[in-house]
Amino acid sequence: MSSSDNDQVELFHRINRLKAKAGGDPNSSHEGALEPGMIEKADELIADFCKDCDTVVKHVLEKLSAKWKEMADAGPSSTREKLAQEVFTLAHEIKDIAGMCGYTLMSDFGESLRDYIIETKLDRDAQRIIVQAHVDAMNAAFRHNIRDDGGPAAQELKALVKVAIEKHS
Amino acid sequence: MPHPLDQKGKSSNIFRNKDDDVTTYDLKNLNVLLVEDSRSMQTLIASMLRSFGVGDVLVCEGGNEAIGILTITQARKKGSDIKGIDIVLTDWLMPQGSGVELLEWIRSHEADNIKFLPVLLLSAYTTQKVIATARDNGANEALVKPVSGATLAGRILSIIDKPRAFVKTENFFGPDRRRQDMAFKGPDRRKIQAEMIKVNHEQL
């Protein structure tokens, strides 16, 4: 095999300053640990966060619904792209927060909506029907406290969104 | 397959007890930049980092803002009050500059204290493709949301304890994509001979 500049590989071994800053020996391969109790404290923060889950999820869902309505009413305009970005961000937030708060089904709808918005400019009526179906399904899941995607009600909501996607894509 | 760090007690020290003979890290001198567009997640993850004792957690909403922050913090002069960032934690998908765009900017930067920065990519996606993309763009670690105390601490400790050498090839710059502590049992498909590798050791 002939060697050329393109085949050149460089390796950089750096001094482990991070380990030194954390109080470890940068030349040692021994691993360190966090102070006992810190992990538990972090998990308590998640548990505290989840206590307010319903309020937080409701708040984000209301914001998403309102922003989507604003966008749907706006018609073709320069503000639409900005609004679409805000709807995207809120769908992304629903995906994260609902997932963390045990609303698996809503989280799945949030993810599906977010991914759909990435792929489209939402400038056709048919596309807007798909977004509306996602928003309606998320609101229904919250209103009826449908958390996971196992039960018949969850299947029904998933089917509604699926039909909207298949029919209007 | 679960990340090795997520298997309790298997390859991580995070669950060790007070009596075990390991160094207890103090993260008060570490400065972390958290890039996350969701306000709720920002608050939660920043609080978790502070509960680990991290000294400073700077928070911003997107890759573009992060680039602005890093440009200032990493260019600080000696003796300045501005603190340099030690670790970047970034979300994957953000409207104001994605995690991958930020990662590309970091790894292609000229300054050593930017291009070698450890980057932990947070993602709500769970696909192998995302993890592979993170790795191939030079992320040190990836973590799938929702996070737990153990998974977040595990990734931070992995960055501190198991830094990989950086590799520069024609089309890649980032931490070695092969984890040296995991034995490879397949055939040797490497095309590069030892004499074609230039090794740089950083000196103090």
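The values are calculated or read from the model by the stated rules, or taken from the named source; none is laboratory data. Note that the coordinates shown come from a computational prediction; the quantities given were computed from them, not determined experimentally. Virtual Cβ from ideal backbone geometry, glycine too; neighbours counted across all protein chains shown.
When both residues are 6+ apart or on different chains and their Cβ atoms are under 8 Å apart, which pairs have a first residue that lies in segment B:26-53 and is within 17 Å of B:Val119 (Cα to Cα) and among the hydroxyl-bearing types (Ser, Thr, Tyr), and a second that is assigned to a helix (DSSP H, G or I) and at pLDDT 95 or above?
Note: no pairs meet the criteria.
Every residue in segment A:155-169 that is under 20 Å from A:Ser65 (Cβ atoms) and among the small types (Gly, Ala, Ser), please.
Residue satisfying the conditions is A:Ala164 alone.
Inspect segment A:116-133 for any residue being touching a Ser or Thr at 6+ places or on another chain (Cβ under 6 Å) and modelled with pLDDT under 90 and give the result as yes or no.
Step one: of segment A:116-133, the residues touching a Ser or Thr at 6+ places or on another chain (Cβ under 6 Å) are A:127.
Now narrow it down to the ones that are modelled with pLDDT under 90: A:127.
Looking for residues that are touching a Ser or Thr at 6+ places or on another chain (Cβ under 6 Å) and modelled with pLDDT under 90, one finds at least one in segment A:116-133, hence yes.
Residue check: is A:Phe12 in contact with a Cys (Cβ under 9 Å, 6 or more places away or on another chain) and at the interface with chain B (Cβ under 9 Å from one of its Cβ atoms)? Steps first, please.
Values: in contact with a Cys (Cβ under 9 Å, 6 or more places away or on another chain): no; at the interface with chain B (Cβ under 9 Å from one of its Cβ atoms): yes.
Considered against the rule, which asks whether it is in contact with a Cys (Cβ under 9 Å, 6 or more places away or on another chain) and at the interface with chain B (Cβ under 9 Å from one of its Cβ atoms), A:Phe12 comes out as no.
What's the number of the only condition in (1) within 9 Å of another protein chain (Cβ to nearest Cβ); (2) outside any helix (DSSP H, G or I); (3) crowded, with 23+ Cβ neighbours inside 10 Å that B:Leu152 fails to meet?
Going through the list (1) within 9 Å of another protein chain (Cβ to nearest Cβ); (2) outside any helix (DSSP H, G or I); (3) crowded, with 23+ Cβ neighbours inside 10 Å, B:Leu152 breaks only (2).
In this structure, is A:Ser112 polar (S, T, N, Q) and more than 20 Å from the chain's Cα centre (by Cα)? Talk me through it step by step, then tell me what you get.
Values: polar (S, T, N, Q): yes; more than 20 Å from the chain's Cα centre (by Cα): no.
The answer is no for A:Ser112.
For A:Phe49, all conditions in the list (1) at the interface with another protein chain (Cβ under 10 Å from one of its Cβ atoms); (2) out of contact with any Cys (no Cβ under 9 Å at 6 or more places or on another chain) hold save one; what is the number of the exception?
Tallying (1) at the interface with another protein chain (Cβ under 10 Å from one of its Cβ atoms); (2) out of contact with any Cys (no Cβ under 9 Å at 6 or more places or on another chain), A:Phe49 fails exactly one: (2).
State all residues of segment A:128-147 that are surrounded by 16 or more Cβ atoms within 10 Å (Cβ to Cβ) and within 12 Å of A:Met106 (Cα to Cα); if no residue qualifies, say none.
A:His134, A:Val135, A:Asp136, A:Ala137, A:Met138, A:Asn139, A:Ala140, A:Ala141, A:Phe142, A:Ile146, A:Arg147
Taking segment B:1-54 as the region of interest, how many residues are of a type in the set (Ser, Thr, Tyr) and at pLDDT 85 or above?
Narrowing segment B:1-54 to residues of a type in the set (Ser, Thr, Tyr): B:11-12, B:23-25, B:38, B:40, B:43, B:47, B:51.
So of that shortlist, the ones also at pLDDT 85 or above come out as B:23-25, B:43, B:47, B:51.
Of the residues in segment B:1-54, 6 are of a type in the set (Ser, Thr, Tyr) and at pLDDT 85 or above.
Quick check on segment B:160-204: of everything there that is more than 8 Å from every other protein chain (Cβ to nearest Cβ) and modelled with pLDDT under 70, which residue is farthest from B:Lys28 (Cα to Cα)?
Checked segment B:160-204; the qualifying residue farthest from B:Lys28 (Cα to Cα) is B:Arg189.
Of all residues in segment A:15-45 being more than 7 Å from chain B (Cβ to nearest Cβ) and either in contact (Cβ under 8 Å) with a residue 40 or more places away in the chain or not in a helix (DSSP H, G or I) (or both), which is surrounded by the fewest Cβ atoms within 10 Å (Cβ to Cβ)?
A:Ser29
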